[in-house]
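Comments concern the structure below.
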Amino acid sequence: MKTLTVTDMEAHFSDIIGEVINGEQFQISFDASKEPVAMIVPVQKQKKSRKIGVLDGKALFKINGESKISEKEFLGI
C-alpha cells in the first residue's frame, strides 16, 4: 500500500486511479501530522449472484416493527 498526501493525490489523481484499476491501494494522509484519513482501494467485483431460498426451512429471521430497514433491504434484493 502506498501513502500519499492530499496535495499529491490532487496533483496526480488520474495516474492514481490508473494504478488502483491495476490493484494498487493508497492511504491518504492529511496535514503536517501525516495522519491517515482515507483509503482508495479497487472495487471488489461480485463473484456471482446469490441463490435465493438456499436456507428455506433451515433458518429463520424476524424483523420487528421498530426496524428502520425493510426485509428486502436486509436481504439485498
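The values are calculated or read from the model by the stated rules, or taken from the named source; none is laboratory data. All values derive from a computational prediction rather than experimental measurement. No Cβ is skipped: glycine too gets one built from the backbone with ideal geometry, and neighbour counts run over all protein chains shown.
Would you check if SER49 is polar (S, T, N, Q) and touching an Asp or Glu at 6+ places or on another chain (Cβ under 9 Å)?
On the way: polar (S, T, N, Q): yes; touching an Asp or Glu at 6+ places or on another chain (Cβ under 9 Å): no.
No, not satisfied.
Within the stretch 27-49, is even one residue touching a Lys or Arg at 6+ places or on another chain (Cβ under 9 Å) and part of a helix (DSSP H, G or I)? No, the conditions are met nowhere in the stretch 27-49. Whenever a residue of the stretch 1-15 is closer than 12 Å to ILE28 by Cα, its partners that are among the charged types (D, E, K, R) and part of a loop (DSSP other than H, G, I, E, B), lying with C-beta atoms within less than 7 angstrom and at least six residues away or across chains, give the pairs LYS2/GLU24. In the stretch 35-51, which residue that is surrounded by fewer than 10 Cβ atoms within 10 Å (Cβ to Cβ) and not acidic (Asp, Glu) is modelled with the highest pLDDT? Only one residue tops the list, namely VAL43. Summed over the stretch 16-34, residues that are exposed (fewer than 10 other Cβ atoms within 10 Å of the Cβ) and out of contact with any strand residue (DSSP E or B) (no Cβ under 9 Å at 6 or more places or on another chain) total 4. Taking THR7 as the residue in question, decide whether it is over 18 Å from the mean Cα position of the chain (by Cα), at pLDDT 85 or above, assigned to a helix (DSSP H, G or I) and of a type in the set (Ser, Thr, Tyr). It is true that THR7 is over 18 Å from the mean Cα position of the chain (by Cα), at pLDDT 85 or above, assigned to a helix (DSSP H, G or I) and of a type in the set (Ser, Thr, Tyr). Residues that are of a type in the set (A, V, I, L, M) and out of contact with any Phe, Trp or Tyr (no Cβ under 7 Å at 6 or more places or on another chain) were ranked within the stretch 2-19; the one that is nearest to GLN44 (Cα to Cα) is ILE17.
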